[in-house]
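Peer 1: My structure is below; once you've seen it, I'll send some questions.
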Amino acid sequence: MRVLLALLLAALGAVATVGAARACDGGDALAWSQRYLQLRQTPGHFSGASWTPAVDAWGGEKHRLMQCLARHATAAPLRSAQLRRLMDAPDERLRCPSPACSEITGSAEWQHGTPPAPQDELWLYHWRGRHDRLVLAISGDVVRAGGWLYVRE
C-alpha cells in the first residue's frame, strides 16, 4: 500500500511540474513575484488558520507561483540579490557544507538544474509551513538548482 501511495504521489508531482511549466511559459516574473508575496502573507491551514485553497492546495496558486519563480531563478540564472527581490528573504538559510545541508540536498526532489557540489547555501521557502518547502541551491552567489521537500502524507 505504501509503495502504491508513493508511486501515486510521484506521478502527481510529475503532473504538477508539467502543469507549472506550461503555466510559467511566457509569464512575467515581476507579476508572479507580486502575487506570490501577497500569498506568502496569507495564513493557511499549515500555519494554524483555516484551509485556503490558493495557499494550501496542491497545485494551488501559491504552489504554482513558487514553481514559476524557481524555474525563472534557475533558467536565468539569478544572483541571490535578484532572487531576494523577487521572493523576499528565505524562511530558512543553511550554510554548506553542514549535516543539515547534506540531508536536504539528498532528500530534495530537484526539478530545475542539478545542485552543485559543493554549494554555498540552501535557501528554503515555506509553501505550507515547514510541511512542504521550495529549496534553492546557491553557489558563487548564483541560483544553481531548485527542488522541493515534500512531506508526502
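Peer 1: Could you give the accessible area per residue of the stretch 82-144, probe 1.4 Å, as a whole number in Å²? Each step should come with its number before you reach the end.
Peer 2: Working: 2980 Å² over 63 residues.
Accessible surface, normalised per residue, equals 47 Å².
Peer 1: Please give, to one decimal in nm, the separation of the simple spin-label points placed at Ala54 and Glu103, each 7 Å out from Cα toward the Cβ.
Peer 2: For the pair Ala54/Glu103, the computed spacing is 3.5 nm.
Peer 1: Let me ask another. Calculate, for Ala117 and Asp25, the FRET efficiency according to 1/(1 + (r/R0)^6) with r their C-beta to C-beta distance and R0 41 Å; round to the nearest 0.05.
Peer 2: 0.85
The values are calculated or read from the model by the stated rules, or taken from the named source; none is laboratory data. Everything quoted here is computed from the prediction, not taken from an experiment. Glycine gets a Cβ as well: all are built from the backbone with ideal geometry, and neighbour counts include every protein chain shown. We work out accessible area using only protein heavy atoms, side chains counted, and drop any ligands, DNA or RNA first. Shrake-Rupley method; radii C 1.70, N 1.55, O 1.52, S 1.80 Å.
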